[in-house]
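Participant: Please find one structure pasted underneath; my questions will follow.
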Amino acid sequence: MLRYKLMVEYDGGPFAGWQRQEGQPSVQAALEEAIFKLSAERVTVTGAGRTDAGVHARGQVAHFDLAKEFPPETVRDALNAHLRPAPVSVIEASVAAPDFHARFSATGRHYEYRILNRRAPPALDAGHVWHVMHALDADAMHKAAQALVGQHDFTTFRSVMCQAKSPVKTLDRLDVARHGEEIVIYARARSFLHHQVRSMVGTLKLVGEGKWTARDVAKALEARDRSACGPVAPPEGLTLIKVDY
């Protein structure tokens, strides 16, 4: 058996998420079906990040095992041919070490959240940004975000459906910057809790609006209470941009 590693890009809009779900389209199922059309083998594709419905990826990493051997270029090109017209693209394919694991070998995950901050709605970026019409203070959001950096109990910013054994995570970076009409939030950690990034973004939006202060964000973190969180940001602004190994 050979283990193949993929780098995958996708538009999460049409999917119920990365993970295979009965009766609903998923990125995992689309890849597994494409692999079957190539190899006539039923496999399980494991991803580095189990993105939610509507969440996108530019640098998702996945692996699977095949009994048949194919050149990596053939795997990439054949999967892309079989994936059409689904908005999923295999950017790279390679042969990985037998003990490589897309999820458990990862040492870092990088996410980006985009807010379009203008009166007019998006035309070209619809479905890929959170449209917020009223002005946000990105500098205030960035300053407040620093209270969340480091090792903390992130219960406040964790979905009640989260299956992680512990709410304690180490957030390496959480940066907020304005680029013209767009505000970009960048988050990096070894791993994240379910809905953690979107929960942090929704809370920081309250700071940008002037409704919360940086101290309010720190108090919400200290509360370790889901009800202390701000509103959860919608999924369409979030993209998994890179996975470290």
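Participant: Which members of the stretch 164-181 meet the condition of being touching a residue at least 60 places away in the same chain (Cβ under 8 Å), under 22 Å from HIS134 (Cβ atoms) and surrounded by fewer than 16 Cβ atoms within 10 Å (Cβ to Cβ)?
Facilitator: Across the stretch 164-181, the qualifying residue is only GLU181.
Participant: Considering the stretch 6-46 alone, what residues qualify as being assigned to a strand (DSSP E or B) and surrounded by 22 or more Cβ atoms within 10 Å (Cβ to Cβ)? Step through it out loud before you land on a result.
Facilitator: Of all residues in the stretch 6-46, those assigned to a strand (DSSP E or B) come to 6-10, 17, 21, 24, 46.
Listed by number, the residues that qualify are LEU6, VAL8, TYR10.
Participant: So which residues in the stretch 90-111 are open to solvent by 40 Å² or more (accessible area, probe 1.4 Å) and within 21 Å of PHE15 (Cα to Cα)?
Facilitator: Across the stretch 90-111, the qualifying residues are ILE91, ARG103.
Participant: If you scan the stretch 47-72, which residues turn out to be over 19 Å from ILE35 (Cβ atoms) and not in a loop (DSSP other than H, G, I, E, B)?
Facilitator: ASP52, HIS56, ARG58, GLY59
Participant: Continuing with the same structure: Given the criterion among the small types (Gly, Ala, Ser) and assigned to a helix (DSSP H, G or I), identify the matching residue among ALA147, ALA187, ALA233.
Facilitator: Values: ALA187 fails: assigned to a helix (DSSP H, G or I); ALA233 fails: assigned to a helix (DSSP H, G or I).
On inspection, the qualifying residue turns out to be ALA147.
Participant: Applying the selection to the stretch 182-229, what residues are of a type in the set (S, T, N, Q) and either open to solvent by less than 10 Å² (accessible area, probe 1.4 Å) or over 25 Å from SER166 (Cα atoms) (or both)? Give the derivation first.
Facilitator: Of the stretch 182-229, the ones of a type in the set (S, T, N, Q) are 191, 196, 199, 203, 213, 227.
Matches in the stretch 182-229: GLN196, SER199, THR203, THR213.
Participant: Do you know which of the residues in the stretch 139-163 that are surrounded by 15 or more Cβ atoms within 10 Å (Cβ to Cβ) and modelled with pLDDT under 95 is farthest from ASN117 (Cα to Cα)?
Facilitator: CYS162
The values are calculated or read from the model by the stated rules, or taken from the named source; none is laboratory data. Just so it is clear, the structure is predicted and the values come from calculations on it, not from any experiment. Glycine also receives a Cβ, built like all others from the backbone with ideal geometry; neighbour counts cover every protein chain displayed. What goes into the accessible areas is simple: the full protein's heavy atoms, side chains included, and nothing from ligands, DNA or RNA. Shrake-Rupley method; radii C 1.70, N 1.55, O 1.52, S 1.80 Å.
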